[in-house]
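Reading through the C-alpha cells given below for one structure.
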C-alpha cells in the first residue's frame, strides 16, 4: 500500500502546483550537524543564530549544540517519524507591466524569492497532502508540515530525497527549475518508498564563487554568513563600510550567485501572480524612511519581510538611496539623519549623504556633528572626509 500511496502523493503534488515531490527516510543528519558546528567555530555563522536567548559565556556553546542537534534531526519534530516528503516550487515569475512601472533610482530591488510569500503558499499545499494522507490512512499516522528552514535543515533533506543537488553557492539546484525554488517538507510516521539522491554536481564551474560581491562563498559549498548581503539585509546590524558601495540598489536579499549560475540561465519565467504577500521586485524607497511600524506591517502584510526588523529595512533603504546618486534622495536622507530614533539608521544615513555629496549634504552632516551617539558621530566624521 505504501508504494501506491507514495505514487499518489506525488501525483497530487503535481496537481496542486508543486514542481518537485520526492521522499526520503527520516534519519538524522550528523554530517550537517558537524558542518554547522565547524562553521560556527570558524565565525562563518554567528553563534546567536542558534541561541534561543542571550547566553552567558559558560553555556553559550551548549545552547548552540542543542539547537543544532534538533534542527538536524527530524525526530525532534515528530518522535516516530519514518519518512520525509520533500518538495520544491519555482518562484521565478513574470511581472510584466507592473515591473516596468516601478523602475528607477528611487526604487529598491527585492530578491526574486521574496517578491511574494512562496513559503506560505507551499505550506498550504503541503497541508492538502497531509489531509490526503489522513483520509487514505484513516488518520492512523501523524504528520507535520514545515517550510522556510526555521526548525529543520531543509537543503540536506532535499538533497537526500533527490529534489536536487547542492550548488557551490550552497543552494539546492533542481533539474528543471535550477535554484529558483523554495523548499518545504512533511515529516510523517508513515513509511513510504524512498527516492535516490541526484548524482550531479557543478563540476569545475565556480561562477557563483567568483561573482559574489563580498566574497561570501569562501570555498565551494561554504558560505560566510557574516559577509553575505542576503543574510545582512535581514538583520539590524552594522553593514561593513567596504560592503556599502557593493550594496547597490538592494532593499532585501541578494541573488547574484543565482543570476550567474549556468543552470539558471534557461529557466523560463512563469506567468503567475502569487496569491500571498505579493509586493513585486521593486519597492519605492523614500516612503520607507519614515514608515511607522503599523504602516510597515500593512505594506508588507503576508510577506516574509514583515517578520524582519523595520530598522533593518530602513537601513537597507538608506544604503540603496546613497548608491542611487539621485539628488531627490538628499532631502529625505537629511530628515532621517536629523530625526530618526535609530542610531543604526542615522549612522548609515551619514554614509549615504557622504556618498551623495553636494552642499546640502555637507551642511547637514556638519550640523549633525552635535550627535550624542559616538558611533553615529564617527560615521558623520568619516562621511565629511569624503568632501
From the options 298, 264, residue that is over 27 Å from residue 350 (Cα atoms) and out of contact with any strand residue (DSSP E or B) (no Cβ under 8 Å at 6 or more places or on another chain): 298
All conditions in (1) modelled with pLDDT of 95 or more; (2) surrounded by 14 or more Cβ atoms within 10 Å (Cβ to Cβ); (3) within 30 Å of residue 221 (Cα to Cα) are true of residue 296 except (3)
So residue 305 clears everything in (1) closer than 25 Å to residue 124 by Cα; (2) part of a loop (DSSP other than H, G, I, E, B); (3) under 19 Å from the mean Cα position of the chain (by Cα) except one condition, right? Which one? (2)
Look at residue 17 and say whether it is under 30 Å from residue 191 (Cα atoms), at pLDDT below 95 and in contact with a strand residue (DSSP E or B) (Cβ under 8 Å, 6 or more places away or on another chain). yes
Residues of the stretch 204-231 being more than 17 Å from residue 171 (Cβ to Cβ) and either assigned by TED's automatic domain parsing to the domain that holds residue 309 or buried (at least 17 other Cβ atoms within 10 Å of the Cβ) (or both), which ones? none
Working only within the stretch 246-263, note down all residues that are assigned to a helix (DSSP H, G or I) and crowded, with 19+ Cβ neighbours inside 10 Å. 247, 256, 257, 258, 263
Only one of 303, 316 is on the phi < 0 side of the Ramachandran plot, in contact (Cβ under 8 Å) with a residue 12 or more places away in the chain and touching a strand residue (DSSP E or B) at 6+ places or on another chain (Cβ under 6 Å). Can you tell me which? 316
All-but-one check, residue 335 against (1) outside any helix (DSSP H, G or I); (2) in contact with a helix residue (DSSP H, G or I) (Cβ under 8 Å, 6 or more places away or on another chain), failing number (1)
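The values are calculated or read from the model by the stated rules, or taken from the named source; none is laboratory data. On a predicted model such as this, the values are computed, not experimentally measured, just so you know. Glycine also receives a Cβ, built like all others from the backbone with ideal geometry; neighbour counts cover every protein chain displayed.
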